[in-house]
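A.B. asks: The following block contains the structure, expressed as C-alpha cells.
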Amino acid sequence: MKKKVALLLVIVMVVSLFTACGGGSKSNKSEDDAVVVYTPDIFNTLIPYETTANSDQAVFDQVYETLAVTQDDGTVKPCLAEDWEISDDGLEYTFNLVKDAKFHNGEVMKASDVVFSFNRFMETAAKKNFVEMIKSVETVDENTVKFTLNKVTPLFLVYTNEIPILSEKFVTESDGKFNDKACGTGPYELVSIDFATAAQLKRFEDYRLGPANIKNIELRYVGDTSTAAVQLETGEIDIMRVEPTQLSTIEGNDQFKVERVQTLKTACFSINVKVKPLDNKLVRQALSYACDKQSIIDVAYEGAAKPARLQASDVNCFGVDFGDATDFSYNPDKAKELLAEAGYPNGLDFSDYGIVLDVMGGTYFEKAAQIYQQNLADIGVKIELHNTSTPDEDAESGNFAMMTQSLSYRADFSYNVCHYATSGIGGNNFSQLSDPWIDEMFAKAESEADQTKREALYKELIAYIVDLCPSIPIFHHELIYAWNNDRVDGVVHDSTVHPYYFYEWSFK
C-alpha cells in the first residue's frame with residue numbers, strides 16, 4: 001500500500017530589490033527598465049549539472065523549476081510535481097507531474113525530461129551529494145516518474161529543490177554544449193549573458209501561472225561591495241546583499257527597506273570530546289554556560305546574527321524543537337558550579353593539558369575568540385589562542401582540542417547526522433562524538449515516513465545532544481538585504497543559494 005502525499009501546488013517566489021537613497025537617476029526609471037540585482041561573483045557556466053556557484057544559481061532559480069521546493073520553515077511543497085506517493089518502505093517515490101508546464105522552446109514538459117535531467121545530474125560530480133541516494137529513475141507514463149532510492153532518507157525531497165528540470169530536446173540539439181544558453185519552464189527567459197559582467201533576463205509570456213509582474217531583470221556583477229553600495233545609493237543597483245559594516249549608511253533611511261534573514265549556517269566553538277578534560281560532560285556544560293553569545297554577536301559580527309543552541313535552528317529547519325532541551329544561555333555562576341562539580345573548584349588552566357583554542361585568523365572569529373577567552377577567565381578558566389591555517393583539515397581529522405568553526409545545515413534535521421553521528425567522523429562530526437543511541441535515533445527518524453512521529457523522535461534526540469554539549473553553538477548567521485522601498489516590493493529567503501525568486505516581485 002502507498003501513502004499519498006497530496007499537497008497544493010506552491011511555487012516559492014521571492015522578492016528583494018534594492019534601490020538607493022539619494023540621486024535622481026532612480027526616479028527616472030520606468031517599469032520597462034530592468035530591475036538590477038547585485039551579484040558578488042562572476043558567472044561560470046549555464047550548464048546546471050556542471051556548477052555549484054551561487055552566481056550561476058541566481059540565473060537558474062529564475063529560468064528553471066524543480067519537482068518540489070523547500071520552504072523557509074523546512075517543509076517541502078510541489079512545483080513541477082502536482083503531488084507524490086511514497087512506498088511503505090520509503091524507497092520508492094512516484095511523482096505525478098503538472099501537465100501544462102512549457103519550456104521556453106515551446107515544448108511541453110514530459111516525464112522523459114525529468115528522467116533525462118536527473119540522469120545528467122547523476123552522471124556528473126558537481127551536485128553528487130544531492131542525487132547519491134537515487135538508485136534509478138524511470139518513466140511510468142508521460143506524466144509520471146518513479147524514483148527508487150538506495151537508502152531511506154527524508155532529504156531526498158529536500159534535495160529535489162537542487163535539480164533543475166531541463167528540456168531533453170534543447171540539451172540534445174545543443175549536443176550538451178549550452179554554456180551560454182538556457183531553456184527551462186521558469187517565469188523568466190535568458191536573453192544574454194556576459195560572464196564577466198551581467199546576465200539579462202526577460203519574463204516568459206507563456207508561463208503557466210501567468211507572466212511575471214516585472215518584465216526585465218539584470219543580474220549584475222560588481223567587483224567589490226563598496227562599489228556596489230555606492231551604486232545602490234545612486235540608484236544604479238536596485239537590490240543587494242549588504243555587509244554588516246555597511247548598515248550604518250542604510251538603516252534609518254526611509255528610502256531603503258532593510259531585511260535580515262537568518263540563513264542555514266552556524267558559527268561555533270568545536271570541541272574534541274576525546275581530549276581530556278573535555279571528555280567530561282560537566283566541563284563542556286560549564287564551557288557552554290560561560291559563553292556570552294550576545295556580546296560575541298554584537299562585537300564580532302556587528303549584531304547580524306541570532307544566538308544558537310545547536311548547529312541547526314528551530315526557525316528554518318524541520319524537526320528542530322528545543323521544548324525539552326536545556327537552555328545553556330550565558331550564566332557564569334552556573335558555569336562555576338559545574339566546574340566545581342567536575343572536580344575543578346579553583347578553576348582550570350588548559351595549558352596544563354596542552355590545550356589551546358585554534359582560531360581562524362583574519363576573520364570575525366578573532367574577536368569572537370578574544371571575547372570567549374575573557375568569558376572563560378571570568379569563571380577561572382585559562383586558555384591560550386592560536387591562529388590556525390588548516391582549520392578544516394584539523395577539524396575533520398580530530399587534530400585539535402577546541403577550534404572556531406562555521407558549519408552549514410539543511411532545512412531538515414536529518415542532515416545533522418553528519419554533525420553528530422558516528423558516520424560523520426572524518427567529515428563534519430568535528431567533535432568526534434560517537435554514541436550508539438544517537439546513531440540509532442537518526443536511523444529510526446530517517447526511516448519514519450510519518451512526519452509527526454519523526455518530529456517527536458528529533459525532539460527527544462535534540463534534548464539529548466544539547467545536554468551532551470559536543471560543541472558550543474554561538475550564532476546563526478544573518479544575511480542582510482536592502483532595496484529601494486519607493487520602487488519595488490520584495491521578499492528574501494533564508495538560503496545563501498536560493499535567496500530570491502523574481503516571479504512575485506512587483507513595482508510599487
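The values are calculated or read from the model by the stated rules, or taken from the named source; none is laboratory data. Keep in mind that this is a model prediction, so the values were computed, not measured. We place every Cβ from the backbone using ideal geometry, glycine too, and count neighbours over all the protein chains shown. In case anyone asks, the SASA skips ligands and DNA or RNA and just uses the protein heavy atoms, side chains included. Shrake-Rupley method; radii C 1.70, N 1.55, O 1.52, S 1.80 Å.
A.B. asks: Identify the residue in segment 289-314 that is hydroxyl-bearing (Ser, Thr, Tyr) and open to solvent by 10 Å² or more (accessible area, probe 1.4 Å) and, among all such residues, is modelled with the lowest pLDDT.
C.D. replies: Filtering segment 289-314 for residues hydroxyl-bearing (Ser, Thr, Tyr) gives 289, 295, 301, 313.
Filter once more, so that each one left must be open to solvent by 10 Å² or more (accessible area, probe 1.4 Å): 289, 295, 301.
Values: Tyr289: 98, Ser295: 97, Tyr301: 91.
The residue in question is Tyr301.
A.B. asks: Then there's this: Go through segment 70-92 and give me each residue that's in a loop (DSSP other than H, G, I, E, B) and either among the charged types (D, E, K, R) or at pLDDT 90 or above (or both).
C.D. replies: Applying the first criterion (in a loop (DSSP other than H, G, I, E, B)) to segment 70-92 yields 71-75, 79-80, 88-91.
Listed by number, the residues that qualify are Asp72, Asp73, Cys79, Leu80, Asp88, Asp89, Gly90, Leu91.
A.B. asks: Picking from Val145, Val140, which residue would you name as being surrounded by fewer than 18 Cβ atoms within 10 Å (Cβ to Cβ) and in a strand (DSSP E or B)? So that I can check it myself, show each step before the final result.
C.D. replies: Working: Val145 fails: surrounded by fewer than 18 Cβ atoms within 10 Å (Cβ to Cβ).
Matching residue, one of Val145, Val140: Val140.
A.B. asks: Can you tell me how many residues within segment 342-362 are assigned to a loop (DSSP other than H, G, I, E, B) and over 32 Å from the mean Cα position of the chain (by Cα)? Break it down stepwise before answering.
C.D. replies: Pass one, segment 342-362, residues assigned to a loop (DSSP other than H, G, I, E, B): 342-347, 354-355, 361-362.
Now narrow it down to the ones that are over 32 Å from the mean Cα position of the chain (by Cα): 342-347, 354-355.
The total comes to 8.
A.B. asks: Does Leu17 count as assigned to a loop (DSSP other than H, G, I, E, B), modelled with pLDDT under 90 and open to solvent by 50 Å² or more (accessible area, probe 1.4 Å)?
C.D. replies: On the way: assigned to a loop (DSSP other than H, G, I, E, B): yes; modelled with pLDDT under 90: yes; open to solvent by 50 Å² or more (accessible area, probe 1.4 Å): no.
No: the conditions fail for Leu17.
A.B. asks: Among the residues that make up segment 363-373, is at least one of them part of a helix (DSSP H, G or I), in contact with a Phe, Trp or Tyr (Cβ under 7 Å, 6 or more places away or on another chain) and of a type in the set (Asp, Glu)?
C.D. replies: Within segment 363-373 (the criterion being part of a helix (DSSP H, G or I), in contact with a Phe, Trp or Tyr (Cβ under 7 Å, 6 or more places away or on another chain) and of a type in the set (Asp, Glu)), the answer is no, since none of the residues qualifies.
A.B. asks: What do you reckon, is Cys317 at pLDDT below 95 and either crowded, with 18+ Cβ neighbours inside 10 Å or within 25 Å of the chain's Cα centre (by Cα) (or both)?
C.D. replies: yes
A.B. asks: Okay, moving on. Going by the structure shown, is Glu205 over 29 Å from Asp298 (Cα atoms), open to solvent by 60 Å² or more (accessible area, probe 1.4 Å) and touching a helix residue (DSSP H, G or I) at 6+ places or on another chain (Cβ under 9 Å)?
C.D. replies: No: the conditions fail for Glu205.
Condition check ((1) surrounded by fewer than 21 Cβ atoms within 10 Å (Cβ to Cβ); (2) within 30 Å of Tyr364 (Cβ to Cβ); (3) of a type in the set (D, E, K, R)) across all residues:
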position	(1), (2), (3)
Phe156	no, no, no
Ile165	no, no, no
Phe170	yes, no, no
Thr185	no, no, no
Ala198	yes, no, no
Asn216	yes, no, no
Ala228	no, yes, no
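Conditions tested, residue by residue: (1) part of a loop (DSSP other than H, G, I, E, B); (2) more than 30 Å from Asp32 (Cβ to Cβ); (3) among the hydrophobic types (A, V, I, L, M, F, W, C); (4) within 26 Å of the chain's Cα centre (by Cα).
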| residue | (1), (2), (3), (4) |
| --- | --- |
| Lys151 | yes, yes, no, yes |
| Gly186 | yes, no, no, yes |
| Val191 | no, no, yes, no |
| Ala196 | yes, no, yes, yes |
| Leu201 | no, no, yes, yes |
| Asp206 | yes, no, no, no |
| Glu218 | no, no, no, yes |
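A.B. asks: Hey, does segment 255-269 have a residue that's outside any strand (DSSP E or B) and either among the hydroxyl-bearing types (Ser, Thr, Tyr) or open to solvent by 20 Å² or more (accessible area, probe 1.4 Å) (or both)? Steps first, answer last, please.
C.D. replies: Quick first cut of segment 255-269, residues outside any strand (DSSP E or B) only: 255.
Right, trim to either among the hydroxyl-bearing types (Ser, Thr, Tyr) or open to solvent by 20 Å² or more (accessible area, probe 1.4 Å) (or both) and you get 255.
Yes, some residue in segment 255-269 is outside any strand (DSSP E or B) and either among the hydroxyl-bearing types (Ser, Thr, Tyr) or open to solvent by 20 Å² or more (accessible area, probe 1.4 Å) (or both).
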